[in-house]
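Here the structure is laid out as structure tokens; the discussion comes afterwards.
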Amino acid sequence: VYSLSINDNSGHCQCDGCRALNGGTFDEPCRFGSKGHASLSKAYYTWVNRVAAGVAAEFPDVMLGLLAYRNTIDPPSFKLHPNVVPFLCVDTSQLVEPKRIENRRRLFAEWSACVRNFGQWDYAYGFRYKPARVYLKTMNDFYKWKKDFPAFGGVFAEGDTYMGEGPKRWWHYKLMANPEADMEATLSVWYDACCGKAAAPSLKAYYDLLES
């Protein structure tokens with residue numbers, strides 16, 4: 001997979017041609033995301049489609065990935081080339097709030113309408129926060145979205161492997177393989193392997209407390 005992602009710290013062409021491709025302005029705010037970024041989706045995804053079409057003409061099986069975030073979090077109003085797989089840069093831990101759930105599902109629905117496949121680039125860090133961000137039930141609910149959004153086909157969980165993260169990474173892997181995995185049965189395997197059957201209930205109670 002070759003990546004067409006935008007710069008990680010902003011910066012984009014502001015020529016008259018790109019401005020015209022972007023609807024004549026670079027000041028239109030993004031509808032999704034935060035921090036008030038201007039939307040560049042019209043110009044950016046027009047460029048992406050042209051690159052994808054050019055590559056596919058000679059290499060039809062080459063997939064082109066990209067990260068949809070900051071200025072390009074909004075989906076375009078047109079369909080993306082089928083060889084393009086965007087990963088939406090959003091945070092699963094935010095889905096404890098009803099308004100976030102509503103906004104995220106609208107984002108997934110709009111992307112589903114213009115791509116063959118898309119994924120999520122998840123910011124799964126938890127131990128860096130106090131208290132640690134552990135949200136196993138929220139993850140369980142989120143992966144079930146696969147039923148509603150069939151084009152949603154991948155997750156990359158950026159994060160740490162510290163003990164304080166608990167079974168989050170294990171749970172990510174299990175849900176990636178099977179979004180319908182039984183939560184209690186699957187996590188009990190991790191708790192038993194981590195500290196033994198006698199101590200497992202106490203460890204589970206600890207992570208349940210962090211989530212609540």
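For Arg105 and Phe59, a Förster radius of 30 Å and the Cβ-Cβ distance give a FRET efficiency of 0.30, rounded to the nearest 0.05.
Computed on the chain, with alpha-carbon pairs under 8 angstrom and 6+ residues apart, the relative contact order is 15 percent. Tell me the trypsin sites (Lys or Arg not before Pro) within region 6-109 that lie in a loop according to DSSP and have at most 15 other beta-carbon atoms within 10 Å. Taking region 6-109 and a limit of 15 other Cβ atoms within 10 Å, the loop trypsin sites (Lys or Arg not before Pro) found are Arg31, Lys35, Lys79. Entry note, the chain: the mean residue ellipticity at 222 nm calculated from DSSP H runs of n ≥ 4, each adding -39500 (n - 2.57), is -12000 deg cm²/dmol after division by the residues and rounding to the nearest 500. Against the set (1) 130; (2) 159; (3) 169, the structure's computed volume of the Cα convex hull per residue in Å³ falls on (1).
Per-residue 3J(HN,Hα) values for region 73-90, derived from phi via the Karplus relation 6.51 cos²θ - 1.76 cosθ + 1.60 with θ = phi - 60°, read 6, 6, x, x, 7, 10, 6, 7, 3, x, 8, 9, 10, x, 10, 7, 8, 9 Hz in sequence order (x marks Gly and Pro). Evaluating 6.51 cos²θ - 1.76 cosθ + 1.60 at θ = phi - 60° for every residue in region 96-108, the Karplus couplings come out as 8, 9, x, 5, 5, 4, 4, 5, 5, 5, 5, 4, 4 Hz, glycine and proline recorded as x. Using the Cβ-Cβ distance between Glu180 and Tyr129 with R0 = 22 Å, the FRET efficiency computed as 1/(1 + (r/R0)^6) comes to roughly 0.15. Take 162-174, 136-148 and order them by the average number of nearby Cβ atoms within 10 Å per residue, most first; the result is 162-174, 136-148. For the pairs Lys42/Lys99; Lys35/Lys130; Lys137/Lys204; Lys137/Lys168; Lys130/Lys168, note any where the Cα-Cα span goes beyond 18 Å. Too far apart for the 18 Å limit: Lys42/Lys99; Lys35/Lys130. Which aspartates and glutamates have a Cα less than 15 Å from the Cα of Lys147, not counting those fewer than 8 places away in the same chain? Within reach: Glu180. Amide H contacts under 5 Å for Phe156: Gln120, Trp121, Asp122, restricted to partners 5 or more places along the chain or on a different chain, H placed in the peptide plane at 1.01 Å from N. Taking region 172-212 and a reference point 7 angstrom along Cα→Cβ of Val96, the backbone N atoms nearer than 16 Å belong to 205-212.
Please state the relative contact order of region 36-122 as a whole percent: Cα pairs under 8 Å, 6+ residues apart? It rounds to 32 percent for region 36-122.
Amide hydrogen proximity for His37: with H placed 1.01 Å from N in the peptide plane, the residues at 5 or more positions away or on another chain lying under 5 Å are Cys30.
Give the aspartates and glutamates whose C-alpha is closer than 17 Å to that of Lys79, dropping any in the same chain fewer than 8 places away, or say none. Hits, sequence-local ones excluded: Glu110.
Taking the Cβ-Cβ separation of Tyr206 and Ser34 as r and a Förster radius of 45 Å, what is the calculated FRET efficiency to the nearest 0.05? Between Tyr206 and Ser34 the formula returns 0.90. Per residue, the accessible area of the chain comes to 54 Å² when a 1.4 Å probe rolls over the protein heavy atoms. When the solvent-accessible area of the chain is split by element, carbon and sulfur atoms take up 57 percent of it, the probe being 1.4 Å. Residues whose amide H comes within less than 5 Å of that of Leu66, counting only those at least five positions distant or on another chain, are Leu4, Val85, Phe87 (H built at 1.01 Å from N in the peptide plane). Using θ = phi - 60° in the Karplus curve 6.51 cos²θ - 1.76 cosθ + 1.60, the 3J(HN,Hα) couplings for region 202-212 round to 5, 5, 4, 4, 5, 5, 4, 5, 4, 5, 5 Hz; x is entered for Gly and Pro.
The values are calculated or read from the model by the stated rules, or taken from the named source; none is laboratory data. Since the model is a prediction, treat every value here as computed from it, not as a measurement. Note: ideal-geometry Cβ built from the backbone for every residue, glycine included; neighbour counts use all protein chains shown. With ligands, DNA and RNA removed, areas are computed over all heavy atoms of the protein, side chains included. Shrake-Rupley method; radii C 1.70, N 1.55, O 1.52, S 1.80 Å.
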